[in-house]
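Asker: Dropping a structure here in structure tokens format, bear with me for questions.
The values are calculated or read from the model by the stated rules, or taken from the named source; none is laboratory data. Owing to the predicted nature of the structure, the values given are computational and were not obtained by experimental measurement. Note that each Cβ is placed from the backbone with ideal geometry, even for glycine, and that neighbours are counted across all protein chains shown.
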């Protein structure tokens, strides 16, 4: 994801490796528009990540569609899919993929 901070702050091409979800864009846009984020919304404000002002970011995301699922957390990812109707799992340690 590429972010241009609407507050006019510059990050000068900084790379952030925290895991975020496209759902988080909703709460971030509300926060940028100075609107309140409704209770129970499955979206996180990304400004703490953009500003590097967090002690511990929940470094996890989850995706599910029918019988397929993907979980990424703390440098690992688990994917469940199907091949010929049978469940297949793939597990990766993400830090080996970083360059």
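Asker: Go through the residues of region 62-79 one by one and say whether even a single one is surrounded by fewer than 14 Cβ atoms within 10 Å (Cβ to Cβ), on the phi > 0 side of the Ramachandran plot and modelled with pLDDT under 80.
Answerer: There is at least one residue in region 62-79 that is surrounded by fewer than 14 Cβ atoms within 10 Å (Cβ to Cβ), on the phi > 0 side of the Ramachandran plot and modelled with pLDDT under 80.
Asker: Have a look at 4, 14 and point out the one that is under 21 Å from residue 95 (Cβ atoms) and loosely packed, with under 12 Cβ neighbours inside 10 Å.
Answerer: Result: 14 is the single residue among 4, 14 that is under 21 Å from residue 95 (Cβ atoms) and loosely packed, with under 12 Cβ neighbours inside 10 Å.
Asker: Then there is this: Return the total of residues in region 11-45 being farther than 18 Å from residue 58 by Cα and not in a loop (DSSP other than H, G, I, E, B).
Answerer: Matching residues across region 11-45 total 4.
Asker: Going residue by residue through region 21-32, is there one that turns out to be surrounded by 15 or more Cβ atoms within 10 Å (Cβ to Cβ), touching a strand residue (DSSP E or B) at 6+ places or on another chain (Cβ under 7 Å) and at negative phi?
Answerer: Yes, the conditions are met somewhere in region 21-32.
Asker: Specify the residue that is surrounded by the most Cβ atoms within 10 Å (Cβ to Cβ); the eligible residues are those in region 52-61 that are at negative phi and without any contact (Cβ under 8 Å) to a residue 40 or more places away in the chain.
Answerer: Per the stated criteria, the residue is 57.
Asker: Can I ask one more? What tally of residues in region 64-99 results from selecting those that are touching a residue at least 24 places away in the same chain (Cβ under 8 Å) and touching a strand residue (DSSP E or B) at 6+ places or on another chain (Cβ under 6 Å)?
Answerer: Going through region 64-99 one residue at a time, the tally reaches 2.
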